[in-house]
1. Name the pairs whose Cβ atoms lie under 7 Å apart, with the first residue in the range B:239-264 and within 14 Å of chain A (Cβ to nearest Cβ), the second among the polar types (S, T, N, Q), and 6 or more positions between them or separate chains?
2. Could you check the range B:190-214 and list, in sequence order, the residues that are within 16 Å of the chain's Cα centre (by Cα) and without any contact (Cβ under 8 Å) to a residue 60 or more places away in the chain?
3. Looking at the range B:22-42, which of the residues that are part of a helix (DSSP H, G or I) and free of Cβ contacts under 8 Å to residues at least 60 places away in the same chain is surrounded by the most Cβ atoms within 10 Å (Cβ to Cβ)?
4. If you check B:F172, B:F164, B:F158, B:F152, which single one turns out to be surrounded by fewer than 22 Cβ atoms within 10 Å (Cβ to Cβ), modelled with pLDDT of 95 or more and of a type outside the set (K, R)?
5. Here is a list of conditions, (1) within 14 Å of another protein chain (Cβ to nearest Cβ); (2) closer than 21 Å to A:K228 by Cα, and A:S73 meets all of them except one; can you say which number that is?
6. Look through B:L77, B:L46, B:L73 and report the one residue that is surrounded by fewer than 20 Cβ atoms within 10 Å (Cβ to Cβ), closer than 20 Å to B:I193 by Cα and out of contact with any strand residue (DSSP E or B) (no Cβ under 6 Å at 6 or more places or on another chain).
7. Got a number for residues in the range A:115-134 being more than 7 Å from chain B (Cβ to nearest Cβ) and within 25 Å of the chain's Cα centre (by Cα)?
8. Can you tell me which residues in the range B:102-117 are away from chain A (no Cβ under 14 Å) and among the aromatic types (F, W, Y)?
Amino acid sequence: MDKKDIMIKVENISMRFNLGIEKGFSLKQGFINFFDFKKRKENKNLKKKNEFWALKDVTFEVNKGEVIGFIGSNGAGKSTLLKVVAGVMKPTKGKIEAYGNICPMIELGAGFDPQLTARENIYLNGAVLGYSKELINSKFEEIVEFSELRDFLDVPIQNFSSGMTARLAFSIATIVDPEILIVDEILSVGDIAFQKKSLAKMMEMIKGGTTVLFVSHSLTQIKELCDKAVWLEHGVVQDIGDCKEICKKYEKFANSK
Amino acid sequence: MTNFIKNISYSLKKYKFLMCQLVSRDFKVKYKRSALGIVWSLLYPLLTMSVMALVFSHMFKMSLPGVNYLVYLMSGLVIFNYFSEASNLAMSSVVGNFSLINKVYIPKYIFPLSKCLFVGINFLLTLIPLYAIIFLTGTGVNIYHLLLPFAFICLFMFTLGMGFILSTISVFLRDMFYIYGVMITLWTYMTPIMYDFAMIPEQLQFIFKLNPLFWIIYFVRDIILYNQVPGLNVWVYCIVFSVGFLLIGMIIFKKNQDKFIYYV
């Protein structure tokens, strides 16, 4: 394989979270624990127990133009993996290289301000996603058209229904032609008509030769869209390979539980 | 070092638009549904000053020989208000934007920086009432006023440095919001805003001189009230304190920013 064709290289990535214990720190408890030697030892064990490896030694490569699906139970580490690839989180261990600009559609509508109007939020959210002013100006019509919210452009989005907000967010996120597209369960946006439309839009983007990382619980969708699949369970890669094969294995595993 | 500067300028260029958007969002949200809107930026410092002037010059019979008390008060107040508002907003900017930090990659220094810029624009507006007072009281201006931007830049750097430090601490220790609230009250009284510095006992004066805001206000008042170029030591204190705090803040922030995400 030519080296140029590799778009994403994930090498031995591990990600550690601390469950709860680090969420808050109280001075009183810290003071008590400091002097209580017995407890200090206990705490050390507790800390180990509280450690949670969301990803363990994950390695894979994605070639240009490939559509790769991620499957696994809830909490298997799929979303964490995508966030690491998107650069939102830094892995505890391991290395990641991505060649090309990434469009992370992980959680849409990041940075929406409920008090601002839809028009203002298009610019704000666009800036958050890293778009330039020129790009937003030139694509503004397209966003408005696609979201079907022309009559509500100057309404603060706190008055929007959740479906309307989601439609706006989807429309903003999909105006770019990214080299790497990261999609996390967002195809269930809006009403049925819009779902159809957004799926069509996604297909168009995928067929345009984009490299796609795709997380979904719908195996039908995965089988339909992906060439390759990665099966994660408890942060560990169970299997990588041809999409249909992996899906079959996973189905078997899920049914046997 | 050149690499470092190159990185900063590249990143500033890349995220300029985002910064503008964040600052303009703050403005829009701040004055949403208020009848007077941006006029409040001018009115608010004037009104606070009036209240303080009333209390201090009439009830406590405060006056300063040779200078106008209103101008004295206003010049200190404008500087201190910038610091207190910007550092407070910057402190909560990282915690307040966790939902964003969690979803997309944005360099995190943008949040404290955009808050300091936002309040900075507001600060420039408060210069209008300050100059109104300067003219109305007959204090007048002189050519040295052109040196004032130096003090403003120092003030900005110092505040930004504090913003970096405070926002980092508050991620790990939410108590900081309360602690800093008390600190800022103490700081108000430890800075000669409404009283004359000469009233402070001599053996205690050195404590007041450790306060960077003391020197910035000193610089500004030397020019506005006493029509003179500040002494060399004032320049040095201003630059050392502001650059020092900015550097410390940047280092602390940079060292810890990757850990922020675990404390959501």
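The values are calculated or read from the model by the stated rules, or taken from the named source; none is laboratory data. Please read these numbers as outputs of a predicted model, since none were measured by experiment. Methodologically, a virtual Cβ is constructed for each residue, glycine included, from the backbone with ideal geometry; neighbour enumeration extends over all protein chains shown.
1. Close Cβ pairs (under 7 Å, with a partner that is among the polar types (S, T, N, Q)) amount to B:N256/B:T168; B:I261/B:N102; B:Y262/A:N18; B:V264/B:N102.
2. First pass over the range B:190-214, keeping only residues within 16 Å of the chain's Cα centre (by Cα): B:190-193, B:211-214.
Residues satisfying the conditions are B:M190, B:N211, B:P212, B:F214.
3. The first filter runs over the range B:22-42 and keeps only residues part of a helix (DSSP H, G or I), leaving B:22-30, B:39-42.
When the remaining residues are screened for being free of Cβ contacts under 8 Å to residues at least 60 places away in the same chain, the result is B:24-25, B:28-30, B:39-40.
Working: B:S24: 18, B:R25: 21, B:K28: 15, B:V29: 14, B:K30: 14, B:V39: 12, B:W40: 16.
Result: B:R25.
4. Numbers: B:F172 fails: modelled with pLDDT of 95 or more; B:F164 fails: surrounded by fewer than 22 Cβ atoms within 10 Å (Cβ to Cβ); B:F158 fails: surrounded by fewer than 22 Cβ atoms within 10 Å (Cβ to Cβ).
It is B:F152.
5. (1)
6. On the way: B:L77 fails: surrounded by fewer than 20 Cβ atoms within 10 Å (Cβ to Cβ); B:L73 fails: surrounded by fewer than 20 Cβ atoms within 10 Å (Cβ to Cβ).
On inspection, the qualifying residue turns out to be B:L46.
7. Start the filter on the range A:115-134 by keeping residues that are more than 7 Å from chain B (Cβ to nearest Cβ), which leaves A:117-119, A:121-122, A:125-126, A:130-131, A:134.
Imposing the further condition that a residue be within 25 Å of the chain's Cα centre (by Cα) reduces the set to A:118, A:121-122, A:125-126, A:130-131.
Result for the range A:115-134: 7.
8. The one that is away from chain A (no Cβ under 14 Å) and among the aromatic types (F, W, Y): B:Y109.
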